[in-house]
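Participant: Quick one: the structure is below, and I'll ask about it shortly.
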Ligand SMILES: [Zn+2]
């Protein structure tokens, strides 16, 4: 069974694309770089990100999602049933192309299998993570112009996500994160939204993680234990950890991925600050059920800042591990 150090460090998924990759994409669109050359650039970018993660000391890395333009668009482009309108602003100066659902959602071909296999071939550890956008968020961030209700759309998306997850497990995926940043957007949808997420995870034999970030956690807190996942990771730093009381109140009992890095702020947290934050979280949860991560993907930060933030996160975590060792905790935990 795979082992990890206690308080494993990970990333949420996305990482800043190297500037040269953005240039390569532009050249490809202008017809000055072939598709084959662009694929090579994407692969080289994934390699650079893995290298950053390795140097920073991340225990459970990703490929930085550098091959995906955006977390809804990427999937919508590859599933039957979507078409595209213009870009919509999401955060500061970031835009995404909001897709519309115009016919029944169908699975045409694997979405992430190539990305997974390439990451596997270059990863410095078997404990790397593959991320996928969940059915509720895919639906919530699209226009529904076909299904009678959003619920009908989400359940059809759950089916195709489930097909993709089976394909990923078949090629060896061991840690899968389902991204559901929109899951707590609408109180009235929560009951069936949980059911749909669980439907998308049905029969998947892997370590399952869910990512929930910005918004009002009071809506979702009472239901967190109902998700069929091993772990949920949250944006917590930006809220100064105020939701931990709430999670405790509702007896949250899964592993928790604690966001200790604010990805919307360019200020680099110090290792001491990370250490202090983790120690305060240990007052709420058992250390062997805590993972350490940034609040969200690092994509929108300048690359050097994203890297420094990861370095601080790892150093702060290592300082806490030393303290735990003195208290008699084991050095390692098993993956599942
Ligand atoms: Zn997020």
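Participant: Among 334, 14, 312, what is the fewest-to-most ranking by other Cβ atoms within 10 Å? Provide the component values of the computation, followed by the final result.
Facilitator: Working: 334 9, 14 24, 312 21.
With the fewest neighbours first, 334, 14, 312 line up as 334, 312, 14.
Participant: Below 8 Å between Cα atoms, with a sequence gap of 6+, how large is the relative contact order for the chain in percent?
Facilitator: Details: 610 pairs, mean separation 72.4, N = 336.
The value is 22 percent.
Participant: For region 312-336 and region 163-213, what is the separation of their Cα centres, given in Å?
Facilitator: The two parts, judged by their Cα centres, are 28 Å apart.
Participant: Kindly rank 239-247, 109-117 from highest to lowest mean number of other beta carbons found within 10 Å of each residue.
Facilitator: The peptides rank, most packed first, as 109-117, 239-247.
Participant: Ok, one more. Taking the Cβ-Cβ separation of residue 188 and residue 108 as r and a Förster radius of 30 Å, what is the calculated FRET efficiency to the nearest 0.05? The partial results should precede the final answer.
Facilitator: Values: r = 32 Å, r/R0 = 1.06.
Calculated value: 0.40.
Participant: Next up: Calculate, in nm to one decimal, what residue 36 and residue 272 gain on full extension: separation in residues at 0.36 nm each, minus their alpha carbon distance.
Facilitator: Details: separation 236, 0.36 × 236 = 84.96 nm, distance 4.53 nm.
Additional length available on full extension: 80.4 nm.
Participant: While we're on this one: If we count other beta carbons within 10 Å of each Cβ, what is the order of 250, 329, fewest first?
Facilitator: 250, 329
Participant: Kindly identify region 214-299 as rounded, prolate or oblate by the Cα gyration tensor criterion: order the square roots of the eigenvalues as a ≥ b ≥ c, call it rounded if a/c is under 1.5, otherwise compare a/b with b/c, prolate if a/b is larger, else oblate.
Facilitator: On the way: a/c = 1.81, a/b = 1.44, b/c = 1.25.
It is prolate, given that a/c is not under 1.5 and a/b is the larger ratio.
Participant: Turning to a different aspect of this structure: Restricting to DSSP H runs of at least four residues, report the calculated mean residue ellipticity at 222 nm for the chain, -39500 (n - 2.57) per run over all residues, nearest 500 deg cm²/dmol.
Facilitator: Taking each H run of at least 4 residues, the total per residue is -12000 deg cm²/dmol.
Participant: Here is a follow-up. If packing is taken as the average count of other Cβ atoms within 10 Å, what order do 304-311, 132-139, 290-297 fall into, highest mean first?
Facilitator: Output ranking for 304-311, 132-139, 290-297: 132-139, 290-297, 304-311.
Participant: Determine by what factor the alpha-carbon radius of gyration of region 111-214 differs from 2.2 N^0.38 Å, reporting the quotient.
Facilitator: Relative to the 2.2 N^0.38 Å estimate, region 111-214 comes out at 1.11.
Participant: Would you mind classifying region 3-334 by shape? Square roots of the alpha carbon gyration tensor eigenvalues, ordered a ≥ b ≥ c; an a/c under 1.5 is rounded, otherwise it is prolate if a/b is larger than b/c and oblate if not.
Facilitator: Since a/c reaches 1.5 but b/c is at least a/b, the shape of region 3-334 is classed as oblate.
Participant: Also, I was wondering about something else. Order 198-207, 48-57 from most to least packed using the mean count of other Cβ atoms within 10 Å.
Facilitator: In decreasing order of mean packing, 198-207, 48-57 become 48-57, 198-207.
Every number in this text was worked out from the coordinates using simple rules, so none of it is lab data. Note that the structure is a prediction, hence the values are computed from the model and not measured. No Cβ is skipped: glycine too gets one built from the backbone with ideal geometry, and neighbour counts run over all protein chains shown.
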